[in-house]
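Structure first, commentary second.
The values are calculated or read from the model by the stated rules, or taken from the named source; none is laboratory data. What you are looking at is a predicted structure, and each value in this text was computed from that prediction instead of being measured. Cβ placement follows ideal geometry from the backbone for every residue including glycine, while neighbour counts extend to all protein chains displayed.
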Amino acid sequence: MRKKIEFSSQGQSLAGLLETPDQAVRAYVLFAHCFTCGKDVAAASRISRFLVQHGFAVFRFDFTGLGNSDGDFANTNFSSNTEDLLCAARFLEQHYQAPQLLIGHSLGGAAVLAMAAQLEHVKAVVTIGAPYEASHVIHNFDAHLDTIEKKGLAKVSLGAREFTIKQQFLDDLRNQTTEHIKHLNKALLVLHSPVDLTVDIADAEKIYKAAKHPKSFVSLDTADHLLSKSVDSEYVAQTISGWASRYIPAPEIVRPNLNKGHVMVAELDHEFQQDVFSDHHHWYADEPTQLGGKNSGPDPYEHLLAALGACTAMTIRMYATRKKIPLEHVEVSLSHERNYLEDASNIAEQNKSMESLIRKVQLMGPLDDSEKIRLMEIAERCPVHRTLYNNPQVVTTLVDG
């Protein structure tokens, strides 16, 4: 689920986006975007999407003066960026849950390193293409330094946009230190590409050496600084998710004590989403989003079709194995149809409907006609098929408590 968020920082209203998974939240993540970018930059969007699919809730926002956030970029600096991050973390803690994982891309990585120690609930920090020193970004203004020193400001083109850089911005960058990296007291993952042309990989080495264990480094090989290729963003997201599992375990699911052959279904969100438990397994049932659900699992009819299809394939395979029939592969596709009896003899009958479960079986391998016929006969003996065919009674009782 995606939700637009507004929160206050230093008297300004900042625009954020909170993406949450359909299942139980594993942990909240605070994401800091790259220098002069925004929360919707492609890499941030792709990484967030993957993490949400794997149980994380991800909050990303536009720093003051960028994207949809209020304020004038010319009046911001690295210190104000770290304050924006602290305000975002406090907002999450007050309204949702304190972030346990910080992710920073480029200068955003330097920013999360600078403020992480102030957040007691944060367990892990990830930097992507981050500079060792915040002052590294000054090289972007090399051609304008004289103007800024003399006039106090200059218009600087960064990418396709023009920004006003003031003397206070440079002074603030130059006053930053790296001592905080030594006292991070959080697990650290450093991600960097050896061919990054914006921030040299030597910066990753310095960050890694300065930090204390637990710490990890992963090379991004041929990725560019902005992770413009989707395959690189997805690799980063996969790496973060796997690495974080060591420090932020998935929430423990309280399992009911069920006997073999018993299933329990319990509401999860008190709408359509359901927890489904058997003696050894747990999964979800839901409805599609167009019907008001979250589409986090198969709908009830898909479960019914899956039961019939799985039982059919298993029954065919068991028979083929026992009889040494050269069946290489079996596929069963199913659908549910409801057809009204238009050709009935009277109107009352025409209003009735006939429900059908359409089952299509594909048998692969060097089978002769007699073997195919026999295997299709066996399909009719599938236990689930026979249960449905025998018109079973559903006995429902109310359980107290």
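Among the residues of segment 236-244, is any outside any helix (DSSP H, G or I) and either among the aromatic types (Phe, Trp, Tyr) or at pLDDT below 95 (or both)?
no
Among the numbered conditions (1) part of a loop (DSSP other than H, G, I, E, B); (2) over 26 Å from GLY55 (Cβ atoms), tell me where ASP203 comes up short.
Single failed check for ASP203: (1).
Give me the strands (runs of 3 or more DSSP E) completely within segment 80-158, filtered to those with at least 2 residues that are surrounded by 22 or more Cβ atoms within 10 Å (Cβ to Cβ) and touching a residue at least 60 places away in the same chain (Cβ under 8 Å), ordered by residue number.
101-105, 124-128
Take the conditions surrounded by fewer than 19 Cβ atoms within 10 Å (Cβ to Cβ), within 26 Å of the chain's Cα centre (by Cα), under 22 Å from VAL122 (Cα atoms) and not basic (Lys, Arg) and apply them to SER216. Does it pass?
It is true that SER216 is surrounded by fewer than 19 Cβ atoms within 10 Å (Cβ to Cβ), within 26 Å of the chain's Cα centre (by Cα), under 22 Å from VAL122 (Cα atoms) and not basic (Lys, Arg).
Are there any strands (runs of 3 or more DSSP E) wholly within segment 1-48 with 2 or more residues that are in contact with a Cys (Cβ under 6 Å, 6 or more places away or on another chain) and not polar (S, T, N, Q), and if so which?
It comes to none.
Could you tell me which numbered condition ASP70 fails, if it satisfies all but one of (1) of a type outside the set (Val, Ile, Thr); (2) assigned to a loop (DSSP other than H, G, I, E, B); (3) surrounded by 20 or more Cβ atoms within 10 Å (Cβ to Cβ)?
(3)
Quick grid of which residues meet (1) at pLDDT 95 or above; (2) exposed (fewer than 14 other Cβ atoms within 10 Å of the Cβ); (3) basic (Lys, Arg):
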site	(1), (2), (3)
ASN295	no, no, no
THR315	yes, no, no
THR321	yes, yes, no
PRO326	yes, yes, no
ASN346	no, yes, no
ASP369	yes, yes, no
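Checking SER228 against (1) in a loop (DSSP other than H, G, I, E, B); (2) in the same structural domain as GLY104 (by TED's automatic domain parsing); (3) under 22 Å from ALA57 (Cβ atoms): exactly one of these is not met. Which one?
With respect to (1) in a loop (DSSP other than H, G, I, E, B); (2) in the same structural domain as GLY104 (by TED's automatic domain parsing); (3) under 22 Å from ALA57 (Cβ atoms), SER228 is out only on (3).
With respect to the numbered conditions (1) surrounded by 23 or more Cβ atoms within 10 Å (Cβ to Cβ); (2) touching a strand residue (DSSP E or B) at 6+ places or on another chain (Cβ under 6 Å), which one is the sole condition not fulfilled by ILE5?
Tallying (1) surrounded by 23 or more Cβ atoms within 10 Å (Cβ to Cβ); (2) touching a strand residue (DSSP E or B) at 6+ places or on another chain (Cβ under 6 Å), ILE5 fails exactly one: (1).
Collect the residues in segment 198-213 that are of a type in the set (A, V, I, L, M, F, W, C) and either more than 17 Å from VAL125 (Cα to Cα) or in contact with a strand residue (DSSP E or B) (Cβ under 7 Å, 6 or more places away or on another chain) (or both), keeping them in residue-number order.
VAL199, ILE201, ALA202, ALA204, ILE207, ALA211
Do we find that PHE63 is in a loop (DSSP other than H, G, I, E, B), within 22 Å of ILE5 (Cβ to Cβ), aromatic (Phe, Trp, Tyr) and assigned by TED's automatic domain parsing to the domain that holds LYS206 in this structure?
Yes.
Which residues, counting only those in segment 67-94, are out of contact with any strand residue (DSSP E or B) (no Cβ under 9 Å at 6 or more places or on another chain) and hydrophobic (A, V, I, L, M, F, W, C)?
PHE78
Rundown of residues vs (1) more than 14 Å from ALA130 (Cα to Cα); (2) without any contact (Cβ under 8 Å) to a residue 24 or more places away in the chain; (3) of a type outside the set (Asp, Glu), yes/no style:
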residue	(1), (2), (3)
PHE169	yes, no, yes
HIS180	yes, no, yes
VAL190	no, no, yes
SER193	no, no, yes
ASP224	no, no, no
ALA237	yes, no, yes
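Could you say whether any residue in segment 165-174 is surrounded by 14 or more Cβ atoms within 10 Å (Cβ to Cβ), part of a strand (DSSP E or B) and not assigned by TED's automatic domain parsing to the domain that holds LEU66?
Checked segment 165-174: at least one residue is surrounded by 14 or more Cβ atoms within 10 Å (Cβ to Cβ), part of a strand (DSSP E or B) and not assigned by TED's automatic domain parsing to the domain that holds LEU66.
Take ALA124 and decide whether it is modelled with pLDDT of 95 or more, over 28 Å from THR222 (Cα atoms) and in contact with a strand residue (DSSP E or B) (Cβ under 6 Å, 6 or more places away or on another chain).
In short, no.
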